[in-house]
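Here is the structure we will look at.
The values are calculated or read from the model by the stated rules, or taken from the named source; none is laboratory data. Quantities reported herein were computed from a predicted structural model and do not represent experimental measurements. Note: ideal-geometry Cβ built from the backbone for every residue, glycine included; neighbour counts use all protein chains shown.
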Number of protein chains: 2
Amino acid sequence: MKALIFDLDGTLIDSVYPHALAWQETLHGIDMIVPAWEIHRYIGISGRLLVRALGRARGRSFEDGEIEQLETQHDALFREYAPLQVPLPGAAELLKFLREAGVSYGIATTGKRKEIQAALDALQVGNDCVVVDGSSTDKAKPEPDLFTACRRRLRVESSNCLVVGDAVWDVHAARRAGILAVGVLTGGVGEQELSNAGAMRVYRDAGEVLRRIDELGLEL
Amino acid sequence: MKALIFDLDGTLIDSVYPHALAWQETLHGIDMIVPAWEIHRYIGISGRLLVRALGRARGRSFEDGEIEQLETQHDALFREYAPLQVPLPGAAELLKFLREAGVSYGIATTGKRKEIQAALDALQVGNDCVVVDGSSTDKAKPEPDLFTACRRRLRVESSNCLVVGDAVWDVHAARRAGILAVGVLTGGVGEQELSNAGAMRVYRDAGEVLRRIDELGLEL
């Protein structure tokens with residue numbers, strides 16, 4: 001095992017809940033009343049898929065242009081709800097440990113680069129960190145493309161790396177990319193749900209991943 | 001089976017997520033950085049227990065007076081995050097059905113009466129509805145007192161009623177009151193977690209409880 005690929009929102013940064021409320025308010029603005037828990041379960045896929053899925057369940061469909069407008073509104077509300085990008089416990093420390101131990105890692109996220117820069121700064125990862133963001137592909141999670149692109153940039157085989165993520169979508173996308181997934185609870189999804197999705201292990205948070213790093217089979 | 005006892009937040013009203021973010025911001029104000037998912041798991045117990053539990057994990061303790069101040073701040077922030085009290089899908093319809101069918105029901109919540117009035121109004125329950133709120137007892141969930149008090153006011157034995165709730169705390173408190181519990185997913189807690197806690201059934205939301213009402217063994 002040579003490398004780790006991290007999801008960002010809910011895995012390294014405490015941003016799932018404000019994302020959910022920002023989407024709820026955005027959709028409320030077009031008279032789509034969606035309970036927060038239902039949105040929560042879709043955080044981690046692209047805004048386009050999220051809007052389409054919640055709309056379909058309510059008999060509504062959307063043009064691409066409408067969805068782009070909604071995404072812009074969501075981004076503005078998200079910045080209001082979460083003006084600070086707060087790393088989750090142990091996240092910055094885990095990345096620092098990996099750098100010092102010489103273990104490759106990357107970040108693969110559905111978020112667009114300009115929206116995630118504040119999060120990357122808060123995590124104190126340098127500009128040399130491999131980051132594959134949502135602007136590089138139309139195929140967000142649960143498609144495997146983001147993880148596959150990240151793995152290729154890290155120059156590792158799928159059997160020699162692990163995905164670390166908080167959402168069922170991360171686990172599904174990792175499996176489709178042929179990569180084993182490790183779950184964390186910091187996005188608010190329960191242990192059993194992540195295990196059922198196929199996570200090989202589930203830890204409390206990035207801090208626990210660090211404390212139990214030898215369980216992952218990395219070359220340390 | 002003669003009566004149903006409902007939890008309020010996350011079961012009838014879509015308020016768990018704004019409660020979580022309001023607590024997160026309140027605690028941030030005293031330099032206690034707590035990830036949202038960790039707070040989410042404590043929603044449903046009293047503010048006092050929540051603050052004590054999250055504080056203890058971080059080596060901090062609080063006087064009663066300090067906690068009251070924090071609760072006041074939380075209440076104000078909650079009203080900002082959730083100016084509208086939005087009933088969850090099917091909640092008002094379920095209560096209406098029970099009234100028309102002549103099935104007794106009550107609401108047992110940790111919230112204080114003046115904070116929950118807007119929610120009760122949104123649910124269109126009359127002033128004759130049996131409501132046991134947090135001001136009537138110091139012993140909030142997971143103590144059984146709120147459910148026991150509600151059951152007594154409804155004049156039913158514990159074996160002749162059911163609790164409907166979204167949180168593990170509801171299920172624990174119901175079991176301690178000798179009452180079977182039915183879980184709903186609308187507070188963002190997963191099905192397996194509610195089942196593991198001891199819920200006899202888990203439904204998606206109040207609307208599904210209504211559609212499958214005959215599964216509960218009520219005298220209809």
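Remark: residue B:100 falls outside the filter, which requires a residue to be within 14 Å of chain A (Cβ to nearest Cβ), modelled with pLDDT of 95 or more, on the phi < 0 side of the Ramachandran plot and part of a helix (DSSP H, G or I). Taking region B:1-50 only, how many residues are of a type in the set (Ser, Thr, Tyr), in contact with a strand residue (DSSP E or B) (Cβ under 8 Å, 6 or more places away or on another chain) and under 18 Å from residue A:83 (Cβ atoms)? Total satisfying the criteria: 0.
Every condition in (1) within 10 Å of chain B (Cβ to nearest Cβ); (2) modelled with pLDDT under 95 holds for residue A:15 except the one numbered (2). Would you check which residues across region A:183-209 are more than 8 Å from every other protein chain (Cβ to nearest Cβ), buried (at least 24 other Cβ atoms within 10 Å of the Cβ) and assigned to a loop (DSSP other than H, G, I, E, B) and list them? Listed by number, the list holds a single entry, A:199.
The residues of region A:19-46 that are within 14 Å of the chain's Cα centre (by Cα) and not hydrophobic (A, V, I, L, M, F, W, C), listed by number, are A:19, A:40, A:41, A:42, A:44, A:46. Of the residues in region B:156-168, at least one is farther than 24 Å from residue A:35 by Cα, in a loop (DSSP other than H, G, I, E, B) and away from chain A (no Cβ under 11 Å).
If you go through region B:60-82 and keep only what is among the small types (Gly, Ala, Ser) and farther than 19 Å from residue B:16 by Cβ, you end up with B:61, B:65. Just name the residue that is surrounded by the most Cβ atoms within 10 Å (Cβ to Cβ) out of those in region A:143-165 that are under 23 Å from residue A:186 (Cβ atoms) and out of contact with any Ser or Thr (no Cβ under 9 Å at 6 or more places or on another chain). Among residues in region A:143-165 that are under 23 Å from residue A:186 (Cβ atoms) and out of contact with any Ser or Thr (no Cβ under 9 Å at 6 or more places or on another chain), the one surrounded by the most Cβ atoms within 10 Å (Cβ to Cβ) is A:163.
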